[in-house]
């Protein structure tokens, strides 16, 4: 029995590792395709891009792990069925359910590890990933002087280079506009030059040759900023530009810590508790703030013993002038507007808080669904592999991707419904698992009874029998 368990475990570990890294590689390529324009041409050090890719890979574990469990499970049992090893196991009197015991233990360990990862490591990885990605996307382009384009990379300057040399350092047809108080009062022309960076990339230095500089200066009275024109010809000139704005500046990570993806279970639970308390307090405060406005409409019964109120039919309406009536109506309208403003502000605040609670619950339940979905997909993958009896990366990939898409689409719809408030958080986040679990038990039953659910030859034989009956009839 131990040899059979070791055989199944060895057949599972290698496909699982291979498929996990393949899926991680595909997801990493999707990340690069999405953000390649934000990383190319900005002069990042190689370790910055490597760090960003590492954090991106950590955030992709939540999608790569369930898919790799499903695919490797189908491949494992499909290969065992294709090589008739499952037949030998059943011939030895060992049922398929009993043969799945070691796999259930391994997948359970993976599920626990996935929960620990999503609660402790994933929030940290998300914090570092999104903060670094934000800084990378905000970084200026390192292509300082593009050819044939007016560049505003340096504050206060507009530079155009007509042509660059083959080495990228030689410059020809240089025009530099310098802005003083928002006006282009200085312009410089140079036939050629060279550019280089100082040690530490502090400054960009342009060595210009054979040029002229025009500068407009105010006159003696100072009223006209362009009263005097100064022309200066030069053979050699050196001009420096500060490069401090082109270095990657890191935003404090604390500014991203309030995002729900950066919180663990305890932080999410505390946030929900504090926000719900805020909603309850807002309701009570709103009621107390509205109560003074309804003093004209609700009079306590005991006041009738203290004050004598005249009935409406005994009031002398002739003493109520038109101005008094207009004033009473305007006062009433003012009271109504005040009540509406108070109710509207409280309702909008409570609506935003309720939406924030729903978003926090989405991330809260994600940490549990990641663990449970690994078990559910294993429950689907193991009997599927035993039924289709195909190993490798052919049919198992197609089937696993199909089932994973079903899970992903259902879970995405449920998550969106929860955020919109049309579905309860528990139902919306667990609906995919609720739907797929009966499918897993059904497939397990079919595999235990040697069903030919996905056997193409069985369907061909059935179709041939139907057509033979029609022809003979």
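The values are calculated or read from the model by the stated rules, or taken from the named source; none is laboratory data. Here the structure is a predicted model, which means the values were calculated and not measured. Every residue, glycine among them, receives a Cβ derived from its backbone with ideal geometry; neighbour counts consider all protein chains shown.
For residue 268, the conditions (1) modelled with pLDDT under 85; (2) assigned to a helix (DSSP H, G or I) are fulfilled apart from (1). Sub-8 Å Cβ pairs linking a first residue in the range 215-242 that is in the same structural domain as residue 197 (by TED's automatic domain parsing) and under 30 Å from residue 145 (Cβ atoms) to a second residue that is at pLDDT below 75 and exposed (fewer than 10 other Cβ atoms within 10 Å of the Cβ), at least 6 apart or interchain, are 225/181, ordered by first then second residue.
Apart from one condition, residue 350 fits all of (1) assigned to a helix (DSSP H, G or I); (2) assigned by TED's automatic domain parsing to the domain that holds residue 59; (3) modelled with pLDDT under 85; the exception is (2).
Kindly evaluate residue 89 against the criterion of being outside the structural domain of residue 202 (by TED's automatic domain parsing), at pLDDT below 80, touching a helix residue (DSSP H, G or I) at 6+ places or on another chain (Cβ under 9 Å) and more than 26 Å from residue 175 (Cβ to Cβ). Judged against the criteria, residue 89 is a match. Checked against (1) closer than 30 Å to residue 283 by Cα; (2) touching a residue at least 60 places away in the same chain (Cβ under 8 Å), residue 352 meets all criteria but (2).
For the residues 257, 245, the requirement of being farther than 30 Å from residue 336 by Cα, under 52 Å from the mean Cα position of the chain (by Cα) and modelled with pLDDT under 70 singles out 245.
Against the conditions (1) surrounded by fewer than 15 Cβ atoms within 10 Å (Cβ to Cβ); (2) not in a helix (DSSP H, G or I), residue 423 satisfies every one except (1). Take residue 440 and tell me if it is surrounded by 13 or more Cβ atoms within 10 Å (Cβ to Cβ), under 20 Å from the mean Cα position of the chain (by Cα), in a helix (DSSP H, G or I) and at pLDDT 75 or above. Against the criterion (surrounded by 13 or more Cβ atoms within 10 Å (Cβ to Cβ), under 20 Å from the mean Cα position of the chain (by Cα), in a helix (DSSP H, G or I) and at pLDDT 75 or above), residue 440 does not qualify.
Is there a residue being in contact with a strand residue (DSSP E or B) (Cβ under 7 Å, 6 or more places away or on another chain) and at pLDDT 70 or above anywhere in the range 290-312? First the steps, then the outcome.
Keep residues of the range 290-312 that are in contact with a strand residue (DSSP E or B) (Cβ under 7 Å, 6 or more places away or on another chain), which gives none.
Looking through the range 290-312, none of the residues is in contact with a strand residue (DSSP E or B) (Cβ under 7 Å, 6 or more places away or on another chain) and at pLDDT 70 or above.
Once the range 70-86 is narrowed to residues that are touching a helix residue (DSSP H, G or I) at 6+ places or on another chain (Cβ under 6 Å) and either surrounded by fewer than 20 Cβ atoms within 10 Å (Cβ to Cβ) or modelled with pLDDT under 80 (or both), the residue that is nearest to residue 396 (Cα to Cα) is 78. When residue 366 is tested against the conditions (1) modelled with pLDDT of 80 or more; (2) farther than 28 Å from residue 73 by Cβ, the lone failure is (2).
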